[in-house]
Amino acid sequence: MRKQWKIGVALCLVMVLLFGCNGNKGKDARMVTDAFLQALQNHNVAVAQEYSLWEKEELELYQVTEEDYIAGIDEQLQEEVLNKVMQFTYVIEQVYEKEDNAAVSIELNMYSFKDALKQGIEEAEKKLKNAGNKNEAEKAQQEVLQILFEKMQKSEDKHITTLKVNLVKQNGVWKVSDNNEELQKALTKNIEDILQYTNME
């Protein structure tokens with residue numbers, strides 16, 4: 001029993017020396033990409049930072065905060081929609097590694113709100129046309145936003161994007177590069193669409 005315990009301790013020491021006691025050390029590009037995307041799914045900025053070179057402020061954009069809520073619109077409705085906006089699933093397909101650079105091909109699956117927003121705008125335009133004075137116009141604008149959120153809540157449309165996540169090796173450890181415009185654009189597409197359609201000024 002004592003001999004087995006000594007062997008166990010020795011193996012643990014070897015593992016620590018080879019791979020490090022925790023964190024990202026010893027993880028390949030696929031594992032780092034997976035951990036990073038899982039952190040984004042869970043809105044965990046600290047973990048996402050650990051596996052990437054992204055700035056904290058940039059990662060916080062993928063979190064839903066109180067500032068994202070619009071006054072006068074049902075909060076529970078907004079919460080459901082905002083969670084759908086940021087929700088995504090992914091499949092890691094292939095990994096390409098060359099020296100200190102890697103590209104991990106993924107299939108990203110997200111909700112798509114374009115059709116829901118288009119339908120909402122068509123309904124909303126009728127309300128805005130019937131608004132006579134400024135007060136009525138402001139009230140109509142709130143109703144328009146309510147309609148848009150309701151349409152998005154009910155939408156089950158999905159959009160699949162195939163893209164590459166770029167990684168670099170820093171001090172022998174893989175990190176998701178801060179040069180990932182394609183991924184950033186895909187993750188914020190829904191936000192961009194909503195801002196475009198809800199800009200009623």
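Bear in mind these aren't lab numbers, they're just calculated from the coordinates by the rules spelled out. What you see is a predicted model; the values in this text were computed from it and never measured. All Cβ positions, even for glycine, are placed from backbone atoms using ideal geometry, and neighbour counts span all protein chains on display.
Based on the Cβ-Cβ distance from D115 to D28, what FRET efficiency comes out when R0 is 45 Å, to the nearest 0.05? It would help to have the intermediate numbers written out before the result.
Details: r = 39 Å, r/R0 = 0.87.
So, using R0 = 45 Å, E works out to roughly 0.70.
Using the Kirkwood formula on the Cα atoms of segment 29-199, what hydrodynamic radius do you get, in angstrom to one decimal?
Values: mean 1/r = 0.0566 Å⁻¹.
With all distinct Cα pairs of segment 29-199 included, I get 17.7 Å.
Measuring from a point 7 Å past the Cα of D100 along Cα-to-C-beta, which residues in segment 159-201 have an amide N at less than 19 Å?
Output list for this probe position: 166-180.
Would you mind calculating the gained length between Q170 and L195 on full extension (0.36 nm times residue separation, minus the Cα-Cα distance), in nm to one decimal? List each step's numbers first, then the result.
Working: separation 25, 0.36 × 25 = 9.00 nm, distance 3.63 nm.
Separation in residues times 0.36 nm, less the Cα-Cα distance, equals 5.4 nm.
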